[in-house]
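A quick write-up on the structure given underneath.
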Amino acid sequence: MTYDTVIVDSHVILPQGMVDKNIIIDEGKVVGLTNDLPACDTKINGNGLISIPGPIDTHVHYGVYSPINEAAKTESHAAAIGGVTTMMRMLRLGDPFSNSLQAQLDAASQNHYVDYAIHASIFTPEQIKEMDYCVNKGITSFKIYMNLGGEIGHVYMDMPPNSSKLVAANVDVTNEIVEQTVKTAASLGCPVLVHAEDYESCGCGIQTAREKNQDGLSAWSESRSPEFEAKAIKTVSKFGRDYDCVIYFVHIGSEKALKQIQEEKKLGTKIFVETCPHYLTLSYEKQNGYLAKVMPPIRTENDRKAVWNALSTNQIDTIGTDHVANQLKLKLGGDDVWSALAGFPGIGTVLPIVLNDGVNQNKISLEQFVQFTSQNAAQIFGMYPQKGTLEKNSDADITMIDLKKEKEVTSELFGGFSDYIVYEGRNLKGWPVKTIVRGELIAEDFEVIGKLGHGKLVPRTIKK
């Protein structure tokens, strides 16, 4: 028979190590690995590149500062250039899911270059009652924001489709909401993603810092101390144990938080840990201005090294970006760190940053790189073995990387909504050069060549 595509002459990364095999693709699936060259319609020459299972960005905010029908185009474009084949959206709606979820799904459905999945954020008791509604739509993971409440409950929700107006809200994610979300998720067999910062402590910390007229990223970090992360981790981990729920801590970037998580694991909580490229590369001690303002804050050089150590020893499971598709005029809308917007874009740079600073520095192996960027995420979030591996019958999501490729980072490179990037001007070695989603070549050599709308929602089911 004649197959759709065969990738020849690449080094394929499998869980057991690297193999030099040709990859046979048909109808969007991996048919198998071979030493032969079967008949095919398209032959892709790997030229000695490394083929990895398509990376999954576990943590992407888009649809907040531009509507999802537009944001899906721009941010999946950036994802494709950056070698990410599946992006997991942090959906934020202020009203019941039965009111507005379907409109969001419809508006996104024809506007992605790469595949996508969704985590639903929970803010209200009404939304807790509708978590099963989300599950029936293929959304099987839920996010809680322990950083939002009281004096610091302000948040921007996702815009309605075709709107361009920011949707500001004030929320109170009390311990009661946290507990009930965990309890309900456990009964549904779903993991809960947790932004672990205790909002009452952070509110006091910010008030104190502002009264002292402190400014800068160091003041931002001090006002939201790692102690406040540890406090929230402790609170929600207890609920996780009580209800036998899987807890997934997002964007962990401090030594204190990592240590607290180890303590909670010893007590029996089922925990997975995500970090982000900025906690591996940036510290407030070396970063000027306000561009790198994020929640939780970037910390000290010691913290940064501790995160690398935790990653290299597999205490961390995934690397997500916490990508926020915002623009400079909003980001730096005031005169100090307190008025700057938290969050920045990162989906285009996650692979080159971790390849440059990790793989090429021998801090992590290529096999670990695949676990942190693809395999573990697929397993945790119910997409494995459809995603996260290049086994027979898996989706043919393949990113081909050149470990020797050097390129300077610019915000224009990715074609996203954002007009800046925190890594502007950095020369990185190790880049994705081909992005293949379900057998289709979507991006090649920093240019998107695939069809808009090829990206589809990944249906996730619960394995109880």
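The numbers here are math on the coordinates, done by the rules we state, and not lab data. Remember, it's a predicted structure, so these values are computed and weren't measured experimentally. All Cβ positions, glycine included, derive from the backbone under ideal geometry; neighbour counts span all protein chains shown.
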Helix 97-108 sits off the longest principal axis of the Cα atoms of the chain, rounded to the nearest 10 on a 0 to 90 degree scale, by 40
Extension length gain for Asn362 and Ile462 (0.36 nm per residue less Cα distance), in nm, is 32.3 nm
In whole angstrom, the spacing between the Cα centers of the stretch 340-368 and the stretch 224-251 equals 25
For the chain the mean separation of alpha carbon contacts under 8 Å (6+ apart) over residue count, i.e. relative contact order in percent, is 21
Checking rank on 409-418, 378-387, 244-253, 10-19, with mean other Cβ inside 10 Å and highest first, the result is 244-253, 378-387, 409-418, 10-19
With +1 at each Lys and Arg Cβ and -1 at each Asp and Glu Cβ, the charge dipole magnitude of the stretch 3-45 around its Cα centre, to the nearest 20 debye, comes out at 120
Given the candidates Asn45, Gln16, Thr34, the one whose Cα lies deepest towards the positive end of the charge dipole of the stretch 3-45, counting +1 at each Lys or Arg C-beta and -1 at each Asp or Glu C-beta, is Gln16
Two pseudo-spin positions, 7 Å from Cα along C-beta at Gln110 and at Ser98, lie apart in nanometres by 2.9
Where a ≥ b ≥ c are root eigenvalues of the Cα gyration tensor, a/c under 1.5 meaning rounded, otherwise prolate if a/b exceeds b/c and oblate otherwise, the stretch 364-464 counts as prolate
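Give the peptides 158-167, 32-41 in descending order of average Cβ contacts within 10 Å, highest first.
158-167, 32-41
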Taking R0 as 60 Å and r as the Cβ-Cβ distance between Lys286 and Thr2, the FRET efficiency 1/(1 + (r/R0)^6), rounded to the nearest 0.05, comes to 0.65
So the angle from the long Cα axis of helix 255-266 to the longest Cα principal axis of the chain, reported in degrees to the nearest 10, equals 80
With 0.36 nm assigned to each residue of separation and the Cα-Cα distance removed, Asp242 to Ser187 gains 18.6 nm
Measuring from the longest principal axis of the C-alpha atoms of the chain, the long axis of helix 68-81 (C-alpha) lies at a number of degrees, nearest 10, equal to 60
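State to the nearest 20 debye the size of the charge dipole of the chain about its Cα centre, where the only charges are +1 on K and R beta carbons and -1 on D and E beta carbons. Let's see the in-between values first.
Working: 45 positive and 57 negative charges, 124 e Å.
Magnitude of the dipole: close to 600 debye.
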Taking a label point 7 Å from the Cα of Lys407 along Cα-to-Cβ, the residues of the stretch 100-120 whose backbone nitrogen sits under 20 Å from it are 113-115
Along the stretch 337-343, Karplus-curve 3J(HN,Hα) (6.51, -1.76, 1.60; θ = phi - 60°) to the nearest Hz, with x for Gly and Pro, reads 5, 6, 8, 5, 7, 7, x
Simple SL model, points at 7 angstrom along Cα→Cβ for Asp419 and Lys392; separation in nm is 5.4
Applied in sequence order to the stretch 124-131, the curve 6.51 cos²θ - 1.76 cosθ + 1.60 (Karplus, θ = phi - 60°) yields integer Hz couplings, x standing for Gly and Pro, of 9, x, 4, 5, 4, 5, 9, 4
Taking placed amide H atoms and a strict 5 Å upper bound, the residues 5 or more places from Ala196 or on another chain that come that close are Val250
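Select from the stretch 5-114 those GluC sites (Glu not before Pro) which occupy a DSSP coil region and have at most 14 other Cβ atoms within 10 Å, ordered by residue number. Numbers along the way, then the final one.
Numbers: sites: Glu27, Glu70, Glu75; in loops: Glu27.
Sites meeting the loop and neighbour criteria: Glu27.
Quick one: length gained pulling Asp172 to Asn136 fully straight, 0.36 nm per residue minus the C-alpha distance?
Values: separation 36, 0.36 × 36 = 12.96 nm, distance 2.66 nm.
Full extension from Asp172 to Asn136 adds 10.3 nm.
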Rounded to the nearest Å, the spacing of the alpha-carbon centers of the stretch 152-169 and the stretch 384-456 is 29
